[in-house]
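Heads up: the structure comes next, in structure tokens.
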Amino acid sequence: PGTLATMFDNTDKLVAENVKELLGNSFFQRRKRVFFGGSKSITELTDDEKAVVDEYIENDYQILVGNCRGADTEIQKHLVERGYTNVKVYATDGEARNNVGNFNVIACPSSYTPEWSAKNAYSYYRVKDERMLTLCDEILMFWDGRSKASRDNLEEGVRMKKPTKAVLRPFEVREIKIDEDIENTK
């Protein structure tokens, strides 16, 4: 004989177990999220780079991607070619500069009003990257070895202890675990 609260608690557990059995445990698991980004200088993905993206598609990741020209746009184009729709485009203040697949746009509000210089624009657009870094489970940057934003994302991934990789040219996928790994990519 238990209390009424204990009986309700046991009933809740029993119902939850039965629902999980009927629907399968995967129904209750959140899809993993990967933050794809990269350098503006990357104006076309190679077949090898596309194959890296395809691995995430095959594993049904939710893809978080920015809206800048370069790697962001090229990644979006490949996702459209593959018919993949589990994609969210992140944009500062909801103004997507590039959204090739008409994907769902996630607005990242900024309290920063840019004075349009390169330095201030960087701070303004950084808001979307910071949001994706917070939400993702993994980070993958298509990096030319020079881009400040991509480097900052790699460094932040290391700091946050999230699986972080750089896709480099000539083609190499390098796991980044410490800041020295970033230095050794040049």
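Could you tell me how far the Cα centroid of region 169-186 sits from the Cα centroid of region 54-86, in Å? Cα centres, region 54-86 to region 169-186: 22 Å.
Would you tally the net charge around Glu130, using a Cβ to Cβ cut-off of less than 10 Å, leaving Glu130 out, and scoring K and R as +1, D and E as -1? Display every interim value, and only then the final one.
Values: positive: Arg126, Lys128, Arg131; negative: Asp129, Asp152, Glu156.
Surrounding charge for Glu130 is 0.
Take the Cβ atoms of Arg31 and Asp152, set R0 to 41 Å, and the FRET efficiency comes out at 0.95. Share of carbon and sulfur in the accessible area of region 79-175 stands at 48%, probe radius 1.4 Å. A 1.4 Å probe run over region 42-186, with the rest of the protein chains in place, finds 52 Å² accessible per residue.
Under the combined filter of DSSP loop state and at most 16 neighbouring Cβ atoms within 10 Å, region 49-103 retains these GluC sites (Glu not before Pro): Glu95. Bridging of Lys177 to aspartates and glutamates at a Cα separation below 15 Å is possible for Asp137, Glu138, Asp152, Glu155, Glu156, once same-chain residues fewer than 8 apart are set aside. The label point for Arg69 and the one for Lys88, both projected 7 Å from the Cα toward the Cβ, are 2.8 nm apart.
In the assembled protein chains, Tyr112 presents an accessible area of approximately 80 Å² (probe radius 1.4 Å).
The values are calculated or read from the model by the stated rules, or taken from the named source; none is laboratory data. Being a predicted model, the structure only gives us computed values, none of them experimental. All Cβ positions, even for glycine, are placed from backbone atoms using ideal geometry, and neighbour counts span all protein chains on display. The protein model used for the area step is the full one, side chains on, heavy atoms only, and it has no ligands, DNA or RNA in it. Shrake-Rupley method; radii C 1.70, N 1.55, O 1.52, S 1.80 Å.
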